[in-house]
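To start, the structure itself, in structure tokens.
The values are calculated or read from the model by the stated rules, or taken from the named source; none is laboratory data. Just so we're clear, the structure is a prediction, and the values are computed from it rather than from any experiment. Here the Cβ positions follow ideal geometry from the backbone for every residue, glycine too, while neighbour counts run over all protein chains shown. Each accessible area value is taken on the protein alone, full model and side chains, heavy atoms only, with ligands, DNA and RNA left out. Shrake-Rupley method; radii C 1.70, N 1.55, O 1.52, S 1.80 Å.
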Amino acid sequence: MKRINVTQSSLPSYEKYIEKIKTLWSTKHLTNMGTFHMELEKGLKEYLETPFISLYSNGHIALEYALEVLGKKGEVITTPFTFVSTTNAIVRTGNIPIFCDIKETDYTIDETKIESLITDKTIAILPVHVYGNVCNVEEIERIAKKYNLKVIYDAAHAFGVKYKNKGIATYGDISMFSFHATKVFHTGEGGALTYNDSSLKTRLESLKNFGIVSQEEVDYIGGNAKVDEFRAAMGLCNLEIVSDEIKKRKKVFERYEKNLRGIKGIRLNFKQEDVIQNYAYFPVLFDSYKLTRDQVFNLLKENEIYARKYFYPLTSDFNAYKIGFKISDTLVASKITNNILCLPMYADLELDNVDRVCKIIKEGR
Ligand SMILES: *Cc1c(COP(=O)(O)O)cnc(C)c1O
């Protein structure tokens with residue numbers, strides 16, 4: 001039997017990409033916001049429906065820059081049920097993560113628990129659109145306004161997601177998208193920030209280019225997180241196919257649902273109202289099922305099927321966070337992290353293989 005991994009990167013045809021990058025051999029312009037970079041920026045701005053976008057070499061560094069432009073340091077309210085990058089970005093920019101619990105329904109931040117965590121040191125809320133599930137953006141905005149806080153969304157999972165007919169990038173002060181090879185849309189490595197405030201543009205752009213604002217002026221202490229033309233070209237090719245890739249993902253998603261819906265002890269991802277999904281992941285919660293999450297994980301592995309305990313453990317449980325951080329109880333997050341499993345999910349996953357994965361889970365052997 002063929003090995004099945006939890007994910008597999010989408011790629012344009014080989015010929016298409018080669019054709020695209022061919023011009024680089026005549027222009028010899030390989031980086032520093034070249035033609036492909038500018039084209040990709042424009043294309044993504046439209047696709048994500050955002051007035052402003054800045055591209056970066058990865059999503060993580062983009063998140064660090066987003067926190068840096070807030071211009072102050074303090075406590076940032078976030079959740080531990082995320083990829084470690086979210087929490088690392090908070091700490092690496094000199095801030096303190098304050099962990100808020102998540103909801104049983106869609107695994108996003110529990111907005112009813114945010115206010116009690118706000119202190120005079122709080123500067124921002126950093127929720128995650130986990131699995132492309134949309135946070136309660138309205139309530140989060142209300143709280144942020146009331147306490148004069150900024151909202152930065154980790155939208156790494158949410159490329160192409162729409163809420164109430166608007167791109168997810170519309171919500172919050174800044175959103176971070178990851179274009180890592182495992183994401184719905186990718187440039188190999190890559191990422192972006194989207195935002196609504198034009199005054200952030202100069203700083204966010206220059207931070208990825210050493211803080212340079214013009215040939216003889218450096219106004220900020222920036223790093224280097226530019227996107228070269230090879231990656232931008234990959235992005236342009238992938239942007240052409242991403243809508244079709246999402247449609248293919250939808251078929252895989254629906255096949256899983258058909259197989260697994262209504263089985264006692266198996267909880268599928270909650271369908272949200274007014275949300276157009278991107279089918280990025282297929283998380284399954286084993287809640288008093290005949291097998292535990294770990295048993296299902298191992299059973300699949302014996303069959304050369306590699307699911308992923310995503311997210312496990314909570315970021316607050318990593319060694320790096322065990323010392324020196326005030327960890328509040330996030331009981332729901334603890335329960336979810338111990339029982340959730342992301343099944344293989346990618347555009348080209350054969351439906352026969354979806355059936356095979358489900359059969360193993362259902363038969364328990
Ligand atoms: C992928 C991911 C990141 C980091 O993005 P990179 O582009 O890999 O740096 C951050 N947060 C979440 C939730 C992610 O899934």
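If the cut-off is 16 Å between C-alpha atoms, which lysines fall inside it for Lys362, apart from same-chain ones fewer than 8 positions away?
Qualifying lysines at Cα under 16 Å: Lys258, Lys264, Lys290, Lys301.
Mean 1/r over all different Cα pairs, inverted: what Kirkwood radius does the stretch 1-51 give, in Å?
13.9 Å is the Kirkwood radius here.
Would you mind working out the accessible area per residue for the chain, using a 1.4 Å probe, and quoting it in Å²?
On the way: 16570 Å² over 365 residues.
Here the per-residue accessible area is 45 Å².
Please tell me the relative contact order of the chain in percent, rounded to the nearest whole number, where contacts are Cα pairs under 8 Å and at least six residues apart.
Computed over the chain, the figure is 24 percent.
Sorted by accessible area (1.4 Å probe), largest first, how do Arg365, Arg231 line up?
Arg365, Arg231
How large is the convex hull of the Cα atoms of the stretch 189-239 per residue, expressed in Å³ as a whole number?
Enclosed volume per residue, from the Cα hull, is 96 Å³.
Protein chains only, probe 1.4 Å: how do Arg203, Arg142 rank by accessible area, largest first?
These residues rank, largest area first, as Arg142, Arg203.
Using the structure shown, select from Lys166/Lys251; Lys146/Lys166; Lys42/Lys208; Lys145/Lys183 the pairs with a Cα to Cα distance greater than 30 angstrom.
Lys145/Lys183
Given Lys248/Lys359; Lys22/Lys226; Lys335/Lys359; Lys45/Lys72; Lys2/Lys335, which pairs have Cα atoms separated by over 24 Å?
Working: Lys248/Lys359 21 Å; Lys22/Lys226 21 Å; Lys335/Lys359 26 Å; Lys45/Lys72 28 Å; Lys2/Lys335 33 Å.
From the list (Lys248/Lys359; Lys22/Lys226; Lys335/Lys359; Lys45/Lys72; Lys2/Lys335), the Cα-Cα distance tops 24 Å for Lys335/Lys359; Lys45/Lys72; Lys2/Lys335.
Just round it to a whole percent: the fraction of Cα-Cα distances in the stretch 270-365 exceeding 20 Å.
Working: 2188 of 4560 pairs.
Tail of the P(r) past 20 Å holds 48 percent of the pairs.
Which of rounded, prolate, oblate describes the stretch 262-309, given a ≥ b ≥ c as roots of the alpha-carbon gyration tensor eigenvalues and a/c under 1.5 marking rounded, otherwise prolate only if a/b is larger than b/c?
Oblate, because a/c is 1.5 or more while a/b does not exceed b/c.
Got a sec to turn the phi values of the stretch 207-214 into Karplus ³J(HN,Hα) couplings, 6.51 cos²θ - 1.76 cosθ + 1.60 with θ = phi - 60°, whole Hz, x for Gly and Pro?
4, 7, 10, 6, x, 6, 10, 7
Taking the stretch 138-256 as the region of interest, what is the percent of Cα-Cα pairs per 10 angstrom bin, listed from the shortest bin to the one with the maximum distance?
Spelled out bin by bin, the stretch 138-256 gives 12, 32, 34, 18, 4, 0 percent.
Can you compute the FRET efficiency between Glu216 and Tyr147 using 1/(1 + (r/R0)^6), with r the Cβ-Cβ distance and R0 = 30 Å? Round to the nearest 0.05.
So the FRET efficiency works out to roughly 0.15.
About its Cα centre, how strong a charge dipole does the stretch 180-287 have in debye, to the nearest 20, once Lys and Arg get +1 and Asp and Glu get -1 at the Cβ?
It works out to roughly 940 debye.
When the C-alpha atoms of the stretch 80-201 are aligned to their principal axes, what extent does each axis show, in angstrom, from largest down?
Largest to smallest, the principal-axis extents are 40, 33, 33 Å.
Straight-line reach from Lys28: which lysines have Cα under 16 Å away, leaving out those fewer than 8 places along the same chain?
Lys28 reaches Lys20.
Can you tell me what percent of all Cα-Cα pairs in the stretch 210-297 are more than 19 Å apart?
Working: 2461 of 3828 pairs.
Here the long-distance tail beyond 19 Å is 64 percent of all Cα pairs in the stretch 210-297.
With only alpha-carbon pairs counted, each pair once and no self-pairs, how large is the Kirkwood hydrodynamic radius of the stretch 46-149 in angstroms?
Taking the inverse mean of 1/r over all distinct Cα pairs, the stretch 46-149 comes out at 14.4 Å.
If you find the alpha carbon centre of the stretch 210-278 and of the stretch 145-162, how far apart are they in angstrom?
Distance between centres, Cα-based: 15 Å.
In units of 2.2 N^0.38 Å, what is the alpha-carbon radius of gyration of the chain?
Cα-based Rg divided by the globular estimate yields 1.00.
Which of the trypsin sites (Lys or Arg not before Pro) found in the stretch 16-100 are loop residues per DSSP with 13 or fewer other Cβ atoms within 10 Å of their Cβ? Don't skip to the answer; put the middle values down first.
Details: sites: Lys16, Lys20, Lys22, Lys28, Lys42, Lys45, Lys72, Lys73, Arg92; in loops: Lys22, Lys28, Lys72, Lys73.
Loop-located and lightly packed - Lys22, Lys28, Lys72.
Nearest 500 deg cm²/dmol is fine: what mean residue ellipticity at 222 nm does the chain get from its DSSP H runs of n ≥ 4 alone, each adding -39,500 (n - 2.57), divided by its residue count?
Rounded to the nearest 500, it is -11000 deg cm²/dmol.
Calculate how many DSSP beta bridges within the chain are antiparallel, expressed in % of all such bridges and rounded to the nearest 5.
Here the antiparallel bridges make up roughly 65 percent for the chain.
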